[in-house]
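Following: one structure in structure tokens, then a few remarks.
The values are calculated or read from the model by the stated rules, or taken from the named source; none is laboratory data. Predicted, not measured: the structure shown is a model, and the values here were computed from it. Note that each Cβ is placed from the backbone with ideal geometry, even for glycine, and that neighbours are counted across all protein chains shown.
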């Protein structure tokens, strides 16, 4: 798995959930299918008058979520920026060609009310619940930096085994200290709650 494959899987999903924050700090989610992909960028179309557009213009941070029939969750987190003016018309035409239904929504010249945003720097989290143990990994596109999330076992570990007993995915290996296999961790926090020595730290 890699970032390019994750983008291709999102393309197959088709309709994706986009999350932003409005001017009052409330979460907002909408489904978007007016999307175009290439190997290292992600483009989408919306109308300039929509609240979605205003939120992106104010604070471009956005999360995009897709879920496949194979129980794969793919979450892209990045900053959306308007495509430069000299490329807007070209990008709109490409998206309308790839998504024919848009011609019914914005017939003829009415598509000019739209704007295309691009995400070129993003973290992509891949999470497969359809296999055992589960598998997760983080990838990046552009200049984005991946951030570690989850739990880690510190040198305060007393090797009591309490974490082993409660881990749903059995992804904790023996050692001194014990080690969590991050690619198989659910981030459920069961080990954190069970550790009598307080040797497990949450990293978010």
- Task: Could you identify the single residue in 105, 116 that is surrounded by 13 or more Cβ atoms within 10 Å (Cβ to Cβ) and free of Cβ contacts under 8 Å to residues at least 12 places away in the same chain?
- Result: 105
- If you scan region 93-102, which residues turn out to be touching a strand residue (DSSP E or B) at 6+ places or on another chain (Cβ under 6 Å) and under 13 Å from residue 46 (Cα atoms)? 95
- So which residues in region 46-80 are more than 17 Å from the chain's Cα centre (by Cα), in contact (Cβ under 8 Å) with a residue 12 or more places away in the chain and either part of a strand (DSSP E or B) or more than 27 Å from residue 125 (Cα to Cα) (or both), if there are any at all? 46, 47, 48, 49
- Within the bounds of region 106-115, is there any residue that is within 25 Å of the chain's Cα centre (by Cα), within 25 Å of residue 78 (Cα to Cα) and part of a strand (DSSP E or B)? yes
- In region 4-26, anything assigned to a helix (DSSP H, G or I) and touching a residue at least 12 places away in the same chain (Cβ under 8 Å) is listed as 4, 6, 7, 8, 9, 10, 11, 12, 13
- For region 134-155, how many residues are in a loop (DSSP other than H, G, I, E, B) and at pLDDT below 95? 8
